[in-house]
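Undergrad: This is the structure, below, for whatever I ask next.
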Amino acid sequence: MKFTRKISTSAGTRRYLLRAILGLITTAGVLGHIVGYYEVPYIDQIENLLYDTRVRLTAPGGIDDRIVIVAIDESSLERLGHWPFTREKFAQLMNNLFSYGAEVVSFDDLVAAGSMAEAKAKGRVRIEGKDYVMADGDVVEFRFNV
């Protein structure tokens with residue numbers, strides 16, 4: 001005797017449709033968040049966590065001597081007055097920074113060269129001092145530990 005049993009595909013079909021619908025709902029949810037129809041806070045948290053991890057893994061470590069942070073703290077505010085400072089105080093700050101020396105290049109020359117190093121190699125960067133009057137489009141790197 002030969003027994004033939006027909007396997008019901010209705011359970012398999014239902015399972016497949018359920019998985020497809022859940023996948024479409026998830027995709028629609030993520031796309032709605034990306035396009036900006038609504039905001040899902042957990043997606044932002046995950047994205048921020050992944051970004052921080054990527055930066056920690058790929059960024060070079062250590063301290064770069066070329067970076068100087070000029071901070072305006074409470075003692076400066078007590079000594080110099082309220083924020084924002086007057087134009088005269090900003091001019092004095094710029095004058096002090098230029099007294100260290102500054103590498104100046106025009107924005108157009110910098111973009112054409114592609115980097116500050118290339119602009120220096122092409123002779124487009126000039127060293128300016130305390131008496132320099134900035135022009136529109138100047139890009140300035142102040143020199144400290146020279």
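Undergrad: At a probe size of 1.4 Å, how large is the accessible area of residue 33, to the nearest 10 Å²?
TA: Number for this one is 30 Å².
Undergrad: Have a look at 111, 90, 48 and report the one farthest towards the positive end of the charge dipole of the chain, computed about the Cα centre with Cβ charges (Lys/Arg +1, Asp/Glu -1).
TA: 48
Undergrad: Shifting gears a bit: With a cut-off of at most 14 other beta carbons within 10 Å, and DSSP calling the residue loop, which chymotrypsin sites (Phe, Trp or Tyr not before Pro) in region 84-114 qualify? Please list them. Let's see the in-between values first.
TA: Working: sites: 85, 90, 98, 100, 107; in loops: 85, 100.
Counting only loop positions with at most 14 other Cβ atoms within 10 Å, the chymotrypsin sites (Phe, Trp or Tyr not before Pro) in region 84-114 are 100.
Undergrad: Quick check on the chain: what are the equivalent-ellipsoid semi-axes from the Cα gyration tensor, as sqrt(5λ), descending, whole Å?
TA: Largest first, the chain gives 62, 23, 16 Å.
Undergrad: Quick check on region 32-112: take the gyration tensor over C-alpha atoms, sort the square-rooted eigenvalues as a ≥ b ≥ c, and tell me if it's rounded (a/c under 1.5), prolate or oblate.
TA: It comes out prolate by the Cα gyration axes.
Undergrad: Round to the nearest 10 and report in Å² the accessible area of residue 108, as given by a 1.4 Å probe over the protein chains' heavy atoms.
TA: 110 Å²
Undergrad: Please build a GNM for the chain, connecting alpha carbons under 10 Å apart, and tell me which residue among 129, 36, 12 fluctuates the most.
TA: Greatest mean-square fluctuation among the candidates belongs to 12.
Undergrad: Rank 116, 134 by accessible area, highest first, at a 1.4 Å probe radius?
TA: These residues rank, largest area first, as 134, 116.
Undergrad: Follow-up. How much accessible surface area, in Å² rounded to 10, belongs to the heavy atoms of residue 70 with a 1.4 Å probe?
TA: Probe radius 1.4 Å; accessible area of residue 70 about 100 Å².
Undergrad: Please get the size of the charge dipole for the chain, origin at its Cα centre, with Cβ charges of +1 on Lys and Arg and -1 on Asp and Glu, quoted in debye to the nearest 20.
TA: Dipole of the chain, to the nearest 20 debye: 1780 debye.
Undergrad: Hey, another quick one. Under 8 Å for C-alpha pairs, at least 6 residues apart: give me the relative contact order for region 45-146, rounded to a whole percent.
TA: RCO, region 45-146: 31 percent.
Undergrad: Still on this model: Can you work out the accessible area per residue across the chain, with the rest of the protein chains kept in place, probe 1.4 Å, in square angstrom? Working shown, then result.
TA: Details: 12760 Å² over 146 residues.
Spelled out: the 1.4 Å probe surface of the chain, per residue, equals 87 Å².
Undergrad: Ok, one more. How far apart, in nanometres, would the label points at residue 89 and residue 136 be if each is projected 7 angstrom from Cα along the Cα-to-Cβ direction?
TA: A separation of 2.9 nm, rounded to one decimal place.
The values are calculated or read from the model by the stated rules, or taken from the named source; none is laboratory data. In this text, all values refer to a predicted model and were calculated from it rather than measured experimentally. FYI the Cβ positions are ideal-geometry reconstructions off the backbone, even for glycines, and counts take in every protein chain you see. Just so you know, the surface numbers come from the protein's heavy atoms only, side chains and all, with ligands and any DNA or RNA stripped out. Shrake-Rupley method; radii C 1.70, N 1.55, O 1.52, S 1.80 Å.
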